Amino acid sequence: MIPYGRQLVDEDDIAAVVAVLRSPLLTGGPAVAAFEAAVATFCGAASAVAVSSGTAALHAAMAALGIGPGDEVVVPALTFAATANCVLYQNARPVVADVDPDTLLLTPAAVERALTAKTRAVIAVDYAGQPCDYAALSALCRDRGLALVADACHSLGGADERGRPVGTLADVTALSFHPVKPVTTGEGGMALTADANLAARMRRFRNHGIDADFTSRESSGQHRYAVVEQGFNYRLSAIHCALGTSQLGKLPAFLAARRRIAATYDAAFADLPFVAPLSRRPGLTHAWHLYVVRLRGLGAGRRDAAHAALLAQGIGVNVHYPPLHLHPHFRRVLGTGPGLCPVAEAASADILTLPLHPALTDDDVARVIAAVRGLSRLFG
Ligand SMILES: *Cc1c(COP(=O)(O)O)cnc(C)c1O
């Protein structure tokens with residue numbers, strides 16, 4: 001099976017992990033600070049807070065922004081559950097907004113329609129690795145006094161039309177280092193911000209709400225500490241961070257490989273009337289986390305038939321995502337149902353994610369292309 005996404009870990013990465021295992025600190029300490037500094041530098045962000053997952057980064061953002069009971073946060077309908085869960089963890093309400101039919105990104109118009117007097121923040125998702133229209137979203141958020149969070153779990157390495165990197169485009173940016181994501185630490189995440197106050201709150205939040213971490217207590221000779229607000233153990237170990245720093249050095253090569261494979265797919269499918277890749281906003285740097293196509297004009301149920309046919313040939317296709325508001329849990333908790341976000345619901349029935357990651361060989365890419373082209377026999 002050719003998976004839709006997977007890590008590319010080499011001997012340098014393994015050596016970096018082995019080296020930290022021989023060092024005195026397996027959590028906290030220089031390996032964590034080095035990974036935070038490396039990601040901050042790569043993204044041009046002032047502060048970076050390493051946490052145990054992308055979900056924890058989103059949760060830390062919500063907590064640091066003071067999102068709580070009675071508050072509403074706008075989230076897009078085509079995303080992973082974590083984008084809504086981080087709001088629910090704070091006992092606030094995610095309000096699901098529809099996406100653009102061509103890019104499947106959250107649009108400023110959809111955000112406007114979702115606003116109420118209770119709205120406090122917007123979480124934009126850089127679906128498939130394409131940055132949202134942050135110029136328009138931040139103007140809207142500024143006008144309304146809302147915080148803007150980028151769920152950039154797909155888009156590390158992307159940039160907007162002015163070349164400003166992902167990590168600098170919102171008040172807080174959340175990254176994930178799950179194995180299918182742009183770089184991996186196994187599990188892991190990071191929250192980026194230019195705001196020193198938000199960074200300090202997120203550092204405290206990842207460590208039980210304690211006002212000083214062990215390293216700073218030790219260096220100041222203090223044994224006293226205080227839990228000053230609700231926090232969690234969301235720390236990322238030094239072992240994970242050593243892998244992350246090593247992986248980050250390869251990110252430019254990973255991004256180039258993803259871009260090259262996406263361009264190969266584009267060319268190979270250009271003459272297939274039933275395969276429509278998503279639109280790309282001109283001038284952006286796409287991080288190419290996912291290569292998503294819409295299967296057009298095949299009729300109801302044909303996407304599922306295509307999914308089954310490709311899986312049967314060992315092509316690990318996937319669907320990103322079922323509409324957020326139609327998961328049983330969110331229907332129950334939010335009272336949502338079909339018809340709330342018609343664009344996302346229609347897209348969710350005809351999208352297919354094809355394998356895209358830097359560990360794909362030319363042979364793998366050729367197999368994917370032949371199998372997708374072969375769908376014309378199935379649907380002929
Ligand atoms: C992967 C992902 C997350 C969660 O990241 P984890 O590291 O798995 O917790 C959140 N949002 C989106 C859009 C993701 O793809």
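Please treat every number below as a calculation from the coordinates, not as lab data. These figures come from a predicted structure and were not determined experimentally. Please note: Cβ atoms are built from the backbone with ideal geometry, for glycine as well, and neighbour counts cover all protein chains shown.
Computed values, structure above
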{"read-out": "Cα→Cβ-extended label distance, 7 Å offset, between A359 and L272, nm", "value": "2.4 nm"}
{"read-out": "Global geometry of segment 86-180, whether rounded, prolate or oblate, following the gyration tensor of its Cα atoms and the 1.5 cut on a/c", "value": "prolate"}
{"read-out": "Segment 11-89 shape via C-alpha gyration tensor axes, a/c threshold 1.5", "value": "prolate"}
{"read-out": "Debye, to nearest 20: dipole size of segment 156-276, +1 on Lys, Arg Cβ, -1 on Asp, Glu Cβ", "value": "260 debye"}
{"read-out": "Amide H contacts of L278 (H built 1.01 Å from N, under 5 Å, at least 5 apart or other chain)", "value": "V292, R294"}
{"read-out": "Dipole moment magnitude, nearest 20 debye, the chain about Cα centre, only Lys, Arg, Asp, Glu C-beta charged", "value": "380 debye"}
{"read-out": "Gyration tensor (alpha-carbon) shape descriptor, the chain, a/c threshold 1.5", "value": "oblate"}
{"read-out": "For V99, residues with placed amide H under 5 Å, excluding near neighbours", "value": "A77, V343, A344"}
{"read-out": "Size of charge dipole - segment 316-380 - debye, nearest 20, with Cβ of Lys, Arg +1 and Asp, Glu -1, no other charges", "value": "260 debye"}
{"read-out": "Angle between the chain longest axis and helix 196-205 axis [Cα atoms, degrees, rounded to 10]", "value": "90 degrees"}
{"read-out": "Modelled FRET efficiency - R0 51 Å, R296 with V18, Cβ distances, 0.05 increments", "value": "0.55"}
{"read-out": "Acute angle (nearest 10 degrees) that the helix 11-21 long axis makes with the longest principal axis of the chain, alpha-carbon atoms", "value": "30 degrees"}
{"read-out": "Distance between modelled label sites at A256 and A308, nm, 7 Å Cα→Cβ extension", "value": "4.3 nm"}
{"read-out": "Of G157, L311, A50, farthest towards positive along the dipole that unit charges on Lys, Arg, Asp, Glu beta carbons give the chain", "value": "L311"}
{"read-out": "Environment charge at G66 (Cβ cut-off 10 Å; Lys +1, Arg +1, Asp -1, Glu -1)", "value": "+1"}
{"read-out": "Cα long-axis angle, helix 30-43 against the chain (0 to 90 degrees, to the nearest 10)", "value": "50 degrees"}
{"read-out": "Dipole of segment 200-343 [Lys/Arg +1, Asp/Glu -1 at C-beta], most positive-end residue of L251, V343, I239", "value": "V343"}
